[in-house]
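Here is the structure we will look at.
The values are calculated or read from the model by the stated rules, or taken from the named source; none is laboratory data. Nothing here was measured: the structure is a model prediction, and the numbers come from that model. Cβ: placed from backbone, ideal geometry, glycine included. Neighbour counts: every protein chain shown. These area figures cover heavy atoms from the full protein model, side chains too; ligands, DNA and RNA do not enter into them. Shrake-Rupley method; radii C 1.70, N 1.55, O 1.52, S 1.80 Å.
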Amino acid sequence: MNRTLKISGIVLFILLAAAGLIIWKYDFPKKINLTYPAVEFRAGDPSSVDKTTITIKGTLHRKLWRNESFSGQIDIAKYEVTKSRMAPFIFHKEINYGWGVLTYFNEAYKTTGAVKSSIIVMLSSIWKIGEFESLKLLLNEPVGQSPSQGKDLEIMAPATDYESALALDRQYKERNQK
């Protein structure tokens, strides 16, 4: 009886360790396919508003006890560079409560199909709420060029006007997301 109990305990421990390892490694992927109306603006300047559309297609990897990541494409209708290949990125929990960097590979090709030139464009910082229920982009200027730097040009989605963009921006600031 004692030997049977000991063997059962060892088997149970091994099963629990294997289950824990699987849960730790599995990234709980979520397919994302969203299109939002968006507003580009500078806070404090209602005349700076420019409406656009953001399309998000890809996979959100939601790892337990670790940072989420996104692979796929985020297109901003207003910016041609966002049609280029996008680098996967991580939402770092420990940096501004979920900060990520939106980066694109702006490539030119030869007639043979080989890459002639490639420029890495760090378009913006990015934050999201939930599974992309909303998102905030803090653009680097000049937009779509490299090198560039962050100033105060933002895109909020979903938003349709200056007031809704500011309201959404306040939600992000309440969450300490820049």
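In the context of the full protein assembly, TYR79 retains an accessible surface of approximately 30 Å², using a probe radius of 1.4 Å and ignoring ligands and nucleic acids.
Surface composition of the chain: carbon and sulfur make up 59 percent of the accessible area, probe 1.4 Å. Got the relative contact order for region 1-97 handy, in percent, Cα pairs under 8 Å and 6 or more residues apart? So the answer I get is 21 percent.
By how many degrees, between 0 and 90 and to the nearest 10, does the Cα long axis of helix 2-25 differ from the longest principal axis of the chain? It is inclined by approximately 10 degrees.
When log10 I(q)/I(0) by the Debye sum over Cα atoms at q = 0.09, 0.18, 0.19 Å⁻¹ is calculated for this entry, the matching label among (1) -0.60, -1.17, -1.22; (2) -0.45, -1.09, -1.16; (3) -0.41, -1.17, -1.27 is (3).
Between the listed residues ASN176, SER118, LEU21, the Cα displaced farthest toward the positive end of the dipole of the chain, a dipole computed from Cβ unit charges relative to the Cα centre, is found at LEU21.
List the chymotrypsin sites (Phe, Trp or Tyr not before Pro) within region 1-78 that fall in a DSSP loop (any state other than H, G, I, E or B) and whose Cβ has at most 14 other Cβ atoms within 10 Å.
Counting only loop positions with at most 14 other Cβ atoms within 10 Å, the chymotrypsin sites (Phe, Trp or Tyr not before Pro) in region 1-78 are TYR26, TRP65.
For the chain, a simple Cβ point-charge model (Lys and Arg +1, Asp and Glu -1, everything else neutral) yields a dipole of about 1040 debye relative to the Cα centre. Where only DSSP H runs of four or more residues are counted, the chain gives -7000 deg cm²/dmol as its mean residue ellipticity at 222 nm, each run worth -39500 (n - 2.57).
Note that region 162-178 has calculated 3J(HN,Hα) couplings of 4, 5, 5, 5, 5, 4, 5, 4, 4, 4, 5, 5, 5, 8, 6, 9, 6 Hz, one per residue in order, obtained from phi through the Karplus relation 6.51 cos²θ - 1.76 cosθ + 1.60 (θ = phi - 60°); glycine and proline are x. Given a 1.4 Å probe and the protein chains as shown, TYR109 ends up with an accessible area of around 120 Å².
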